[in-house]
Ligand SMILES: Nc1nc2c(ncn2[C@@H]2O[C@H](COP(=O)(O)OP(=O)(O)OP(=O)(O)O)[C@@H](O)[C@H]2O)c(=O)[nH]1
Ligand SMILES: [Mg+2]
């Protein structure tokens, strides 16, 4: 099965809560605040891994959630940070925000790593808020909520050369003769329904990837035949191999007509695709004793044409060599245009990404003097050192109201704070 799309939900880990605790030891009755900070939640990372070929693994698992940070503890102990969740995808994967429908990143470089959903920061423990004037901060900061979102991942096959042509031009035959791929071949149109890839190997350890896609016909851009959607699989190829049957069974359409039809469809799909370097190849020359049909095609379209027979293998070595040279030139040009170190985090998120909550959505602290970061409602401890049992006064009154109880008295603190 050819999977090239996946939808996944990603969420970073929650930040651990800061701890509300006071030091309590023998002979030290008022030991002061010693609640540690919560740990940071893990991030969800996407890594372009060349050893992964499809998005197949992602279709079986929809939720990718990083580990939460652990809460801080008494005695100034900081909670452990959560582990990151690493998702490996093939290079060439496009990462979209599913709901916003916009492209977040193009993972086009092997080993490229991006943080797609950051974990929440750990909350500060009450020790953090002690000042000379306020020595008994009876609050700690909860951990920050993590980022989460649905992603749509799309893999565009990265082939170096893409075969285009009318149905029955012999594209699949050519792929099967030049690579180890075994696509279906038959003498009826639209034999190929899904793109196929193969690796062409040449002497000198040179190799490149060739893609065979379904045949195009006139009106494909309007959905005629199999449409032209699969052209996206060859949008990134460096070279287009335009294959033409020079002895078509249907004599009303000459090879030159075939050429113009395909050129027209390529242009309708994308001008960038139509502008790619193109090698025009006349196939099935074994069906005639001479190359007159090839010469005639050259004259009509005014372009140089390579002659091959995918069945007998004539001209295939030259074709592969010629393609390799074109691909090598294209690669060199790309390398000059863009030089980037591989293996680094190149991106966290677009600057205009509206994902992070605007500051006014964060409830300000209502007691004490926060020193940095966004602050959230005060939490009081019922048991020092156990932040899971912390609740804000608002929470407490809300909860008691909900259950028809009178507001609870302030919770006792185990450590005796200084006066
Ligand atoms: N005589 C001859 N027949 C060929 C040659 N190349 C392909 N064929 C035949 O042409 C027919 C179509 O070949 P395919 O490789 O399936 O053509 P395709 O372009 O992949 O066709 P679609 O997948 O339908 O778009 C088959 O019967 C092949 O055997 C060739 O060089 N010479
Ligand atoms: Mg085919």
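Since every read-out is calculated from the coordinates, none of them should be taken as a lab result. The shown structure was predicted, so the numbers you read here are calculated from the model rather than taken from an experiment. Methodologically, a virtual Cβ is constructed for each residue, glycine included, from the backbone with ideal geometry; neighbour enumeration extends over all protein chains shown.
Assorted remarks:
- Beta bridge orientation in region 161-337: antiparallel %, DSSP, nearest 5: 30 percent
- Per-residue packing, averaged as other Cβ atoms within 10 Å, sorts the ranges 71-80, 138-147 into the order 138-147, 71-80, beginning with the highest.
- For region 26-177: rounded, prolate or oblate by the Cα gyration tensor [a/c cutoff 1.5]: prolate
- Packing around the peptides 256-269, 108-121, taken as the average count of other Cβ atoms within 10 Å per residue, puts them in this order, highest first: 108-121, 256-269.
- Sequence of 150, 64 once ranked by neighbouring C-beta atoms within 10 Å, starting from the fewest: 150, 64
- Between residue 63 and residue 26, the simple spin-label model (points 7 angstrom out along Cα→Cβ) gives 4.8 nm.
- Shape category assigned to region 90-152 from the gyration tensor of Cα positions, a/c cut at 1.5: prolate
- Paramagnetic reach from residue 301 (point 7 Å along Cα→Cβ, amide N under 20 Å) across region 211-234: 211-221, 228, 231-232, 234
- Here the simple spin-label model places points 7 Å from the Cα toward Cβ, and for residue 83 and residue 56 these points are separated by 2.5 nm.
- Once the Cβ-Cβ distance of residue 257 and residue 7 is raised to the sixth power relative to R0 = 60 Å, the FRET efficiency obtained is 0.90.
- Cut-off 19 Å (backbone N to label point 7 Å along Cα→Cβ of residue 249), residues of region 262-305: 283-288
- Label zone at residue 325 (point 7 Å along Cα-to-Cβ), backbone N below 12 Å, region 275-319: 318-319
- Relative pair counts by distance (%), Cα atoms of region 161-337, 5 Å bins: 1, 9, 18, 23, 22, 16, 8, 2, 1, 0
- Counting neighbouring Cβ atoms within 10 Å and putting the fewest first, the residues 178, 59 line up as 59, 178.
- A protection proxy built from the mean count of other Cβ atoms within 10 Å ranks the segments 122-131, 84-93, 22-31, most packed first, as 122-131, 84-93, 22-31.
- Residues 241, 224, sorted so that the one with the fewest Cβ neighbours within 10 Å comes first: 224, 241
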